[in-house]
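Remarks on the structure that follows.
The values are calculated or read from the model by the stated rules, or taken from the named source; none is laboratory data. Please read these numbers as outputs of a predicted model, since none were measured by experiment. So basically every Cβ, Gly included, is an ideal-geometry build from the backbone, and we count neighbours across all protein chains shown. Side chains included, ligands, DNA and RNA excluded: accessible areas come from the protein's heavy atoms. Shrake-Rupley method; radii C 1.70, N 1.55, O 1.52, S 1.80 Å.
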Amino acid sequence: MTIPAGPPPTGGGGGEQQRLRLLAVTACPTGIAHTYMAAEKLAQAAESRGIDMKVETQGSIGAENVLDDNDVKHADGVIVAADKDVDLSRFAGKRVLTVGVTEGIRHPEQLIERVMSAPVHTPGGAPTAPASGGKERSVGYKALMNGVSYMIPFVVVGGLLIAISLSLGGHTDPSGGLVIPKDSFWMDVNNIGVIGFTLMVPILSGYIAYAIGDRPALVPGMVGGWIANTGELYDSKAGAGFIGAIVTGFLAGYLVLWIKKVPVPKFARPIMPIIVIPIVATTALGMFFIYVIGEPISWVFENLTDWLSGMTGTSAILLGAILGLMIAFDMGGPVNKTAFLFGAGLIATGNQTVMGMCAAAIPVMPLGQGLATLIRKRLYTEQERETGLASLFMGCFGISEGAIPFAAARPAQVIPANMLGGAVAGAIAGIAGIEDAVPHGGPIVAVLGAVSGVPMFFVAVVIGSAVTALTTVALVDLAERRRRGEAGVELGVGAREAALVGAGVGATGAGAGLGASGATVVGGVPKQAGPAESADAAVPGDHAEGADTAKAVEPADAAEADDDSSGVLSGYLTEQTVKVRLGAADKEAAIREMAELLGRTGKVVDPEELVATALRREAQGTTGLGEEIAIPHAKTDAVSAPVVGFARSAEGVEWDSPDGTKARLVFMIAVPEAAAGDEHLRILALLSRKLMNAEFRERLLAAPDEPAVLGVLREVG
């Protein structure tokens, strides 16, 4: 129905009272299940009170049911239940209540009551800062990642165009350097790539600032990033690079937030976000960097150069290691440029060994970070893995900036790994006496014949890159475990099996037993028996007790699993993956039992990795949705095809659900990485929406056996 504009009347008079009209936005950074749960809860609470409400959902699948200008015009208030930033500029002049997404699930009625007393959102206000709910990252981390995500396309486009122009249009020049003929087609391609690289650093700074201070912070952030990257403005031969851009981004963002708090006359408020704040913040930040921060950067550059000049007579291995450390530290910043220009300057004097050390270290960062994304794919997002492939290509052409997105996103892990690999490569080059006749690095200089001792040059590059990749994987993995509190989740299979068998824990719960075909069941997940494993190793009584849960996958089962005609959700959930009684008493045991249930299909190729991935997802934020529902899910190549399982728990399993209820209806979704996009999100969306229906949940709980359960689930789609 169409609701007239204006505030709702308080009642009285002879006409019908106008219905209140509210809007809502729900958003979750880790998926869409909570997004839809909050949306449904708010809509139900509004309907029960005779209130019109339209809800926009912003999950990983994208924005749905988007609020248009007409919706906003006639709205009496807006509820934003989100655990990530939501742009509030379109709600200027409306009462806006911002809370965490779990508040929309737990207390929808209270939010509806509170929204009419919420403050009116003013133009230029900041994005939402969720009041509660969700295990979200800090504001600083989200701002940093916002800048990195916008920077990545500039790195990839700029780096690849430069690399292509060098490989197809470049050649070595007797006077030094890799040269592309002027006024040639490939020089134009190179220039376009240089523009992309030039914009990379300001974009990083600008969008860090934007995430903190909204649109008024975008200009000071970008201008500040440009100043940071342009050393000539503060008498330095090298700019501050991406590290300087991170500094200017945060300074700009928080400076704008501070200026917004300054009281101004009412007549001046409309021009504050578009004129006053950008001008004041840009000028203040620019002058601060030029006159305060720039001087120390210039001083560092000059003194590092003098220090390196005094080391030319020292051990080659020590000098190579130091140069490698410096090259890898800031990838284009003053420390990197000091080492590079030092080596390049010595070429003219006839000393080409110093540049040889630098040349070996230059490609280590992009090659190592790209290799890391291939070694442990699960530690990286799809976008990071794509960036990793581009980084590998850039590394071959000596473009160290290819590693900047990784260093900006995880500086505490990536920069030390880069430095270690760079030091190793530089030291090996120093020992081998490698010479480089041009001021450039990477395999491209060896291919073009500018390097002496080519075999050892490649040995240095390969070993250095491998060191960087392995160190990065180890440090990132360790950081993720610490952040998520998962130290010890991925114990060695043999040690865990031995401990559980020794303890005599039943296979029905989280223990070990022997499957029907001799597969050892570890924590409720079947593991194929090895040569030293036999039926004698099973705990007496376990096999009989766990006959259902420890059932091994047989060929007939696998064939049945492939028969989509008997299943739901595109055939991913079949009677084979339905269980009317979940035996587990806690979350981890339940996930293990569900993983074993999925294993009946023959589509689980690595049960332990499936369990570990699902537990890592739980550490990001509970998949308990409330209303006695949990939907653990995993995107992992531990499964060969998408598969969904369902089990009921009579007593319920504690799942840290927003409403405090134990999970009695447990779905588990597992999809391979290649199918982790729309299909994974589609399944989550279908389940989340349907499970909001109380009558559907009651029938699901009352179904007497697996065929009856599957019959109810066919309604999902």
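Quick notes on this structure:
- Under a model in which nothing but the beta-carbon of Lys, Arg (+1) and Asp, Glu (-1) is charged, segment 312-435 shows a dipole of about 260 debye around its Cα centre.
- Length available on full extension from Val179 to Glu654: 0.36 nm per residue minus the Cα-Cα distance, which gives 164.5 nm.
- Pair Glu113, Glu232: separation of 7 Å Cα→Cβ label points (nm): 6.5
- Cα-based shape type of segment 284-389, given that a ≥ b ≥ c are square roots of the gyration tensor eigenvalues and the cut on a/c is 1.5: oblate
- For segment 144-240, the square roots of the Cα gyration tensor eigenvalues, ordered a ≥ b ≥ c, give a/c of at least 1.5 with a/b greater than b/c, which places it in the prolate category.
- Accessible carbon and sulfur surface of segment 572-717 relative to its total accessible area, %, 1.4 Å: 48
- 10 Å beta-carbon shell around Val451, net charge (K/R +1, D/E -1): -2
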